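Asker: Mind having a look at this structure? Questions to follow.
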Ligand code: ATP
Ligand code: MG
């Protein structure tokens with residue numbers, strides 16, 4: 001029997017994918033928040049889910065360990081699109097990538113061609129492209145989390161991070177000074193799997209496509 005594997009991260013992507021799965025007639029038999037299982041079966045014997053770290057989703061799909069996956073545009077921009085077909089913007093897990101600084105830091109003074117800034121971020125590629133486009137010189141410091149701390153303790157002047165409500169920035173005395181791009185999650189498909197298992201994958205694509213909320 002041929003089967004398909006969908007890679008998801010737990011948290012917001014899993015939660016926001018449930019209605020899309022339901023539209024495809026797929027219901028997981030376990031909840032990754034309460035279960036420790038990393039492979040989750042569904043009501044459909046030919047469909048299973050694997051629970052991975054958000055940044056690892058493109059890797060599983062690229063190597064064909066998962067046939068499909070759902071990953072944020074932020075993650076896809078950092079990973080690169082090698083071997084991945086990206087047919088659908090699912091419009092879930094929406095937020096934006098932005099530049100933020102400590103309140104009182106004069107960003108406008110350095111936000112010009114030739115201006116120099118020290119930036120801490122998890123999003124090295126996206127940050128590099130953004131500041132290059134503005135003609136700014138940037139010293140990038142790679143972090144893996146809690147970016148908001150960096151400007152507060154003098155590790156960096158600014159951060160490039162995802163923001164939705166801005167609550168975390170405010171709580172840490174930071175302010176958003178530049179919007180880089182809107183972010184949402186995309187469906188990614190392994191290109192070889194799409195050819196070999198189109199009979200199983202295409203109906204999922206069609207159901208997801210019909211269930212996307214504007
Ligand atoms: P971890 O939290 O385990 O360190 P992560 O931050 O990559 O990993 P999530 O916080 O679940 O994982 O984020 C998964 C995806 O959801 C991100 O890649 C991004 O596309 C999106 N996202 C992140 N933060 C927000 C947010 N505040 N609002 C909406 N979507 C977000
Ligand atoms: Mg997170």
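The values are calculated or read from the model by the stated rules, or taken from the named source; none is laboratory data. Quick caveat, the model's predicted, so the values are computed rather than measured. Neighbour counts are summed over all protein chains in view; Cβ atoms, including those assigned to glycine, are modelled from backbone coordinates with ideal geometry.
Asker: Pick out the one residue from 24, 54 that is at pLDDT 95 or above, away from ligand 1 (no atom under 13 Å from the Cβ) and buried (at least 19 other Cβ atoms within 10 Å of the Cβ).
Answerer: Working: 54 fails: away from ligand 1 (no atom under 13 Å from the Cβ).
Going through 24, 54 in turn, the sole match is 24.
Asker: Another question, then. Residue under question is residue 93, and the condition is that it be under 15 Å from residue 163 (Cβ atoms) and modelled with pLDDT of 95 or more; does it hold?
Answerer: Values: under 15 Å from residue 163 (Cβ atoms): yes; modelled with pLDDT of 95 or more: yes.
Considered against the rule, which asks whether it is under 15 Å from residue 163 (Cβ atoms) and modelled with pLDDT of 95 or more, residue 93 comes out as yes.
Asker: Here's a follow-up. Would you tally the residues in segment 147-168 being in contact (Cβ under 8 Å) with a residue 40 or more places away in the chain and over 30 Å from residue 7 (Cβ atoms)?
Answerer: Residues in segment 147-168 being in contact (Cβ under 8 Å) with a residue 40 or more places away in the chain and over 30 Å from residue 7 (Cβ atoms): 4 in total.
Asker: Looking at segment 173-188 only, could you name the residues that are under 19 Å from residue 56 (Cβ atoms) and more than 16 Å from ligand 2 (Cβ to nearest atom)?
Answerer: Residues satisfying the conditions are 186, 187, 188.
Asker: Tell me the residue from 189, 160 that is within 14 Å of ligand 1 (Cβ to nearest atom) and either within 19 Å of the chain's Cα centre (by Cα) or part of a loop (DSSP other than H, G, I, E, B) (or both), please. It would help to see each step written out before you state the result.
Answerer: Numbers: 189 fails: within 14 Å of ligand 1 (Cβ to nearest atom).
Checking each option against the conditions leaves just 160.
Asker: Can you name every residue in segment 169-186 that is assigned to a loop (DSSP other than H, G, I, E, B) and touching a residue at least 60 places away in the same chain (Cβ under 8 Å)? Write out each step before concluding.
Answerer: Keep residues of segment 169-186 that are assigned to a loop (DSSP other than H, G, I, E, B), which gives 172-173.
173, the sole residue that qualifies.
Asker: Of all residues in segment 55-85 being outside any helix (DSSP H, G or I) and out of contact with any helix residue (DSSP H, G or I) (no Cβ under 7 Å at 6 or more places or on another chain), which is nearest to residue 123 (Cα to Cα)? Before the answer, list the steps.
Answerer: Of the residues in segment 55-85, the ones outside any helix (DSSP H, G or I) are 63-72, 80-85.
If we keep only those that are out of contact with any helix residue (DSSP H, G or I) (no Cβ under 7 Å at 6 or more places or on another chain) too, we end up with 63, 65, 80-81.
On the way: 63: 22, 65: 25, 80: 12, 81: 15 Å.
Ranking the qualifying residues of segment 55-85, first place goes to 80.
Asker: Name the residues in segment 192-212 that are in contact with a helix residue (DSSP H, G or I) (Cβ under 8 Å, 6 or more places away or on another chain) and surrounded by 14 or more Cβ atoms within 10 Å (Cβ to Cβ), would you?
Answerer: Listed by number, the residues that qualify are 193, 194, 201, 207, 208, 211, 212.
Asker: Ok, one more. Anything in segment 107-146 that is part of a loop (DSSP other than H, G, I, E, B), within 16 Å of ligand 1 (Cβ to nearest atom) and either in contact (Cβ under 8 Å) with a residue 12 or more places away in the chain or surrounded by 15 or more Cβ atoms within 10 Å (Cβ to Cβ) (or both)? List them, or say none.
Answerer: Restricting attention to segment 107-146, the residues satisfying the condition of being part of a loop (DSSP other than H, G, I, E, B) are 110-115, 122-123, 134-136, 143-146.
Filter once more, so that each one left must be within 16 Å of ligand 1 (Cβ to nearest atom): 122-123, 143-146.
Hits for segment 107-146 are 122, 123, 143, 144, 145.
Asker: Examine segment 47-54 for a residue that is assigned to a helix (DSSP H, G or I) and in contact with a helix residue (DSSP H, G or I) (Cβ under 7 Å, 6 or more places away or on another chain), and state whether such a residue exists. Steps first, answer last, please.
Answerer: Keep residues of segment 47-54 that are assigned to a helix (DSSP H, G or I), which gives 54.
Filter once more, so that each one left must be in contact with a helix residue (DSSP H, G or I) (Cβ under 7 Å, 6 or more places away or on another chain): 54.
Yes, segment 47-54 contains at least one residue that is assigned to a helix (DSSP H, G or I) and in contact with a helix residue (DSSP H, G or I) (Cβ under 7 Å, 6 or more places away or on another chain).
Asker: Can you name the residue in segment 192-214 that is over 16 Å from residue 17 (Cβ atoms) and assigned to a loop (DSSP other than H, G, I, E, B) and, of all such residues, is farthest from the chain's Cα centre (by Cα)?
Answerer: 197
Asker: Right, next: Can you tell me which residues in segment 33-62 are more than 16 Å from ligand 2 (Cβ to nearest atom), touching a residue at least 24 places away in the same chain (Cβ under 8 Å) and either under 21 Å from the mean Cα position of the chain (by Cα) or under 21 Å from residue 90 (Cβ atoms) (or both)? Before you say what the answer is, go through the steps one by one.
Answerer: Pass one, segment 33-62, residues more than 16 Å from ligand 2 (Cβ to nearest atom): 34-50, 58-62.
Imposing the further condition that a residue be touching a residue at least 24 places away in the same chain (Cβ under 8 Å) reduces the set to 45-50, 58, 60-62.
47, 48, 49, 50, 58, 60, 61, 62 - these are the residues of segment 33-62 that are more than 16 Å from ligand 2 (Cβ to nearest atom), touching a residue at least 24 places away in the same chain (Cβ under 8 Å) and either under 21 Å from the mean Cα position of the chain (by Cα) or under 21 Å from residue 90 (Cβ atoms) (or both).
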